[in-house]
Amino acid sequence: QLQLTESGGGSVLAGESLTLSCAASGTAFGINSMGWFRQSPGKTREMVAMVGGGAARYANSVKGRCTITRSLETMKVDLQMNNRKPEDPAVYYCKLSTLSSEDAWGPGTQVTVSS
């Protein structure tokens, strides 16, 4: 079975940038895509950014202020978010999809903003 380890969540100052990292471990497999989702109380889980098929995809709410990078060798993705908005605080989940159409989810990491 696969395991996703998330890091970078927590409370950050409003003027600071946010970087979330996700690393996959377990049996060797082919990666189709990796990325981040987020969910706030009372709302459905939504995609923030994904990398797959040689291209990065971003939610409209974060376009222009988010950058996602992927390392194939280490099977990890980093999400950097600048100019955070009130809707950004949420629980963020890392997601990985394999070439065999299997999905793996991280446990979720909470992001809050202090001012």
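Residues are listed down the side, and each one gets a yes or a no for (1) open to solvent by 40 Å² or more (accessible area, probe 1.4 Å); (2) closer than 12 Å to MET34 by Cβ; (3) touching a Lys or Arg at 6+ places or on another chain (Cβ under 6 Å); (4) of a type in the set (Asp, Glu):
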{"site": "LEU79", "(1), (2), (3), (4)": "no, yes, no, no"}
{"site": "PRO86", "(1), (2), (3), (4)": "yes, no, no, no"}
{"site": "PRO89", "(1), (2), (3), (4)": "yes, no, no, no"}
{"site": "SER101", "(1), (2), (3), (4)": "yes, no, no, no"}
{"site": "PRO107", "(1), (2), (3), (4)": "yes, no, no, no"}
{"site": "VAL111", "(1), (2), (3), (4)": "no, no, no, no"}
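Within the range 68-87, residues that are under 19 Å from GLY52 (Cβ atoms) sit with their Cβ atoms under 6 Å from residues that are open to solvent by 40 Å² or more (accessible area, probe 1.4 Å) and at pLDDT below 85, at 6+ positions apart or across chains, in these pairs: VAL77/ARG70. Taken over the range 1-35, the criterion of being under 17 Å from ASN83 (Cβ atoms) and not in a loop (DSSP other than H, G, I, E, B) is satisfied by VAL12, LEU13, LEU18, THR19, LEU20. Within the option set GLU6, GLU16, being open to solvent by 50 Å² or more (accessible area, probe 1.4 Å) and acidic (Asp, Glu) holds for one residue only, GLU16.
Considering THR74, THR67, which residue is of a type in the set (Val, Ile, Thr), open to solvent by 60 Å² or more (accessible area, probe 1.4 Å), in contact with a strand residue (DSSP E or B) (Cβ under 8 Å, 6 or more places away or on another chain) and at pLDDT below 90? The conditions single out THR74.
Total residues in the range 22-60 satisfying the condition of being closer than 20 Å to GLY9 by Cα, small (Gly, Ala, Ser) and loosely packed, with under 13 Cβ neighbours inside 10 Å: the figure is 1. Among the residues here, LEU20 does not qualify as touching a Gly at 6+ places or on another chain (Cβ under 6 Å), in contact (Cβ under 8 Å) with a residue 40 or more places away in the chain and closer than 18 Å to LEU99 by Cα. Taking the stated definitions as given, is LYS85 modelled with pLDDT of 85 or more and part of a loop (DSSP other than H, G, I, E, B)? Spelling it out, it is not the case that LYS85 is modelled with pLDDT of 85 or more and part of a loop (DSSP other than H, G, I, E, B).
The values are calculated or read from the model by the stated rules, or taken from the named source; none is laboratory data. As the structure is a computational prediction, the values presented were derived from the model and not from experiment. Here the Cβ is made from the backbone with ideal geometry for all residues, glycine too, and neighbour counts use every protein chain on show. When the accessible area is computed, the model is the full protein with side chains, heavy atoms only, and any ligands, DNA or RNA have been set aside. Shrake-Rupley method; radii C 1.70, N 1.55, O 1.52, S 1.80 Å.
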